[in-house]
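**Student:** Dumping the structure here so I can ask a few things about it.
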Amino acid sequence: MDWKPIAKTKEHQLVEPNLLDYEETCRTFSWASLEAELRGTCQSQGLNIADIAIDRHATGSRANKTALRFVDRDWNIKNFTYRALKEQTNRFASVLSTLDVGKGDRVFVLAGRIPSLYIAAFGSLKNGSVFCPMFSAFGPEPIFQRLDRGDAKVLVTTELLYRQKVAQSRDRLPNLQHILLADVDDHASEGIWSLPRLMATASPEFAIAPTDPEDMALLHFTSGTTGMPKGAIHVHKAVYQHYMTAKYVLDLHPDDIFWCTADPGWVTGTSYGIIAPLTHGVTSIVDEAEFDADRWYRILETQKVTVWYTAPTAIRRLMRMNINPKSEYDLSHLRLVLSVGEPLNPEAVVWGEEKLGLPIHDNWWQTETGGIMIANYATMDIRPGSMGRPVPGIEAAIVRRKEDGSVEVIDQPGVDGDLALKPGWHSMFRGYLHDEVRYKKCFVGDWYITGDLATRDADGYFWFVGREDDIIKTSGHMVGPFEVESALMEHPAVAEAGVIGKPNPMIGELVKAFVALKPGYQPSDVLKLELIGFARQKLGAAIAPKELEFKDSLPKTRSGKIMRRLLKARELGLPEGDLSTLEQD
Ligand code: AMP
């Protein structure tokens, strides 16, 4: 079905958008002038994300403005002004330096959306250390993998999460020197500290470490198709992209109340849930509870949210509810709704227009890009189903790989190919930690190859087609099939495992596992449940398989690799494609 573009009218725009003329802004954009806009406002030497996001506001006219507002499960509100956030993050940085944690050292955080997480993020950056967030719903195995691969020196977490998910691997993590528990009053032992206690005696004064814009700031783990997750390295300079996209895409204005629903364990929750809104000195809402339709609408209403950044899975869940938000809640403050993370169905864009009174603005980016790359803008008409057009300063193209190893740009509109970006933007990842080979593979000729397939129309709008690899997107979370297969293989009954993403109308893709059993084991419902339970315990419910099917054997290439593509084609009744590499039994 062809969807009619949604024209943006004056009713959609309660304030004048920051980006008025897309073509002109792209034409005149320069990184140098963006740098000049921010650099002179810094308090510290060099360029530090925490300075741009907090300290420069804390010493200016926004000092007493609320920077972060936490809404806890019982609707208690906790506000942190820019001034208070400066002090708290100074204390955290002081704690780190007292513990001899320094520049480049990795500070991991495993926690729900509690204040300590946000304070630890900026405090680590002030200290020159690297903030590494983890999704708190992960099970022990993905957590161990990330702590180990990321050379964790410090872990900030809660007592329960530590006990349930980390304590058992502690012996295998010799570099992990300090556990800071955010919710206990007393130190447990040397190395397992009470964070509140350390914070209480730490100095509220801290001089931000001189920071080179190219210093490592953030480490985000992302899943690959082969091998374990890779740590994408981001530097302080990324803050320019956060600031710029918050201005042009999120359209932030000084009086905005912004709400990003993404968990900080994923890149959106860090770039746009922690950093970007504060770079503009706005108030950012953090909901500590999980998704609940009524709660979410009440947050929009009671917190008077003006700009809302959410995700397709959540929108689809809201669409299923028998709720008419426009008439049942006061959403009159809301002026811009955006979505990222998975394809946004055209129906969802139109649903927004009908039920919220605002169309939903899809945008595209990924862990490696560090910030939004392609977007629908507040001023521009929306083509439902399209990811939009590249943000100013970003050159995107559809390319085809040639046999000689080079790539050519596909100029004709409507032709599928690899979505590629011209390297050089400020929030581009600078490497995969300890994996130069994998990093280099992402670049071909003049282009960074994103791993997504897409098409471009005659007016320069980009349309998502699919992933080029086997990576699964479930409820907006990136899941690497290899990680799930490896966990299943640890069960004594499993001889082989192959994991795919099965399209699902609600959560995008559902993780499905195919398992061949070792001799002596028989398929049964009991064993199926046992294997699903086993995977859940290791991986966490968010990434463990929801479906599992037994097979006598799994299709493999002649070199012994499980052909997930073929498992998926057979599951979905699609053409099986090229089978020349299939190993015949
Ligand atoms: P992550 O690195 O976890 O943020 O996941 C990035 C991947 O999510 C992209 O490479 C896409 O495959 C997918 N993705 C993100 N945003 C969109 C979007 N607007 N439409 C379609 N897919 C998206």
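The values are calculated or read from the model by the stated rules, or taken from the named source; none is laboratory data. Remember, predicted model here, so these are calculated numbers, not experimental data. Here Cβ is always computed from backbone atoms with ideal geometry, including for glycine, and neighbour counts include all displayed protein chains.
**Student:** I need a count of the residues in the stretch 218-261 that are in contact with a Phe, Trp or Tyr (Cβ under 7 Å, 6 or more places away or on another chain), closer than 26 Å to Phe92 by Cβ and of a type in the set (A, V, I, L, M, F, W, C).
**Tutor:** Summing the residues that are in contact with a Phe, Trp or Tyr (Cβ under 7 Å, 6 or more places away or on another chain), closer than 26 Å to Phe92 by Cβ and of a type in the set (A, V, I, L, M, F, W, C) in the stretch 218-261 gives 6.
**Student:** A further question follows. What residue, among those in the stretch 292-322 that are under 24 Å from Gly385 (Cβ atoms) and part of a loop (DSSP other than H, G, I, E, B), is nearest to the ligand (Cβ to nearest atom)?
**Tutor:** That would be Ala311.
**Student:** Determine the pairs where a residue that is farther than 16 Å from Asp470 by Cβ, located within the stretch 480-495, has a partner that is assigned to a loop (DSSP other than H, G, I, E, B) and among the aliphatic types (A, V, I, L, M) with Cβ atoms under 6 Å apart, the partner being 6 or more residues away or on another chain.
**Tutor:** Pairs found: none.
**Student:** If Leu278 meets every condition in (1) more than 16 Å from the ligand (Cβ to nearest atom); (2) without any contact (Cβ under 8 Å) to a residue 60 or more places away in the chain; (3) closer than 22 Å to Val15 by Cβ apart from one, which number is that one?
**Tutor:** All conditions are met except number (2).
**Student:** Please go through (1) within 29 Å of the chain's Cα centre (by Cα); (2) in a helix (DSSP H, G or I) for Val526 and return the number of the only condition it doesn't satisfy.
**Tutor:** All conditions are met except number (1).
**Student:** With the structure loaded, tell me whether Ile410 is of a type outside the set (Gly, Ala, Ser), surrounded by 23 or more Cβ atoms within 10 Å (Cβ to Cβ) and out of contact with any helix residue (DSSP H, G or I) (no Cβ under 9 Å at 6 or more places or on another chain) or whether it fails that test.
**Tutor:** Answer is no for this residue.
**Student:** A follow-up question, please. Can you pull out every residue in the stretch 323-332 that is touching a helix residue (DSSP H, G or I) at 6+ places or on another chain (Cβ under 7 Å) and either among the β-branched types (Val, Ile, Thr) or assigned to a loop (DSSP other than H, G, I, E, B) (or both)?
**Tutor:** Ile323, Asn324, Tyr329, Asp330, Leu331
**Student:** State whether the residues of the stretch 553-568 include one that is of a type in the set (A, V, I, L, M), modelled with pLDDT of 90 or more, surrounded by fewer than 19 Cβ atoms within 10 Å (Cβ to Cβ) and not in a loop (DSSP other than H, G, I, E, B).
**Tutor:** No - not one qualifying residue is present in the stretch 553-568.
**Student:** Output the strands (runs of 3 or more DSSP E) that fall wholly within the stretch 362-478 and possess 1 or more residues being hydroxyl-bearing (Ser, Thr, Tyr) and within 16 Å of the ligand (Cβ to nearest atom), or say none.
**Tutor:** Once the strands (runs of 3 or more DSSP E) in the stretch 362-478 are filtered for at least 1 residues that are hydroxyl-bearing (Ser, Thr, Tyr) and within 16 Å of the ligand (Cβ to nearest atom), what remains is 447-456, 472-474.
**Student:** Looking at the stretch 243-267, which of its residues are within 16 Å of the ligand (Cβ to nearest atom), farther than 21 Å from Glu290 by Cβ and part of a loop (DSSP other than H, G, I, E, B)?
**Tutor:** Val249, Leu250
**Student:** Now, a different point. Got a sec? Which strands (runs of 3 or more DSSP E) wholly within the stretch 155-240 have at least 1 residues that are within 16 Å of the ligand (Cβ to nearest atom), at pLDDT 95 or above and within 23 Å of Lys538 (Cα to Cα)?
**Tutor:** 216-222, 230-235
**Student:** Let me ask something additional. So for the stretch 325-344 (the condition being at pLDDT 95 or above, away from the ligand (no atom under 12 Å from the Cβ) and within 30 Å of His234 (Cα to Cα)), does at least one residue qualify?
**Tutor:** Yes, that holds for at least one residue.
**Student:** Which of the residues spanning the stretch 127-147 are assigned to a helix (DSSP H, G or I), within 19 Å of Pro174 (Cβ to Cβ) and not aromatic (Phe, Trp, Tyr)?
**Tutor:** Pro140, Glu141, Ile143, Gln145, Arg146, Leu147
**Student:** What about Leu219, is it surrounded by 20 or more Cβ atoms within 10 Å (Cβ to Cβ), of a type in the set (A, V, I, L, M, F, W, C) and in contact with a Cys (Cβ under 7 Å, 6 or more places away or on another chain)?
**Tutor:** yes
**Student:** Out of the stretch 339-362, which residues are surrounded by fewer than 24 Cβ atoms within 10 Å (Cβ to Cβ) and not small (Gly, Ala, Ser)?
**Tutor:** Of everything in the stretch 339-362, those that are surrounded by fewer than 24 Cβ atoms within 10 Å (Cβ to Cβ) and not small (Gly, Ala, Ser) turn out to be Glu342, Pro343, Asn345, Pro346, Glu347, Val350, Trp351, Glu353, Glu354, Lys355, Leu356, Leu358.
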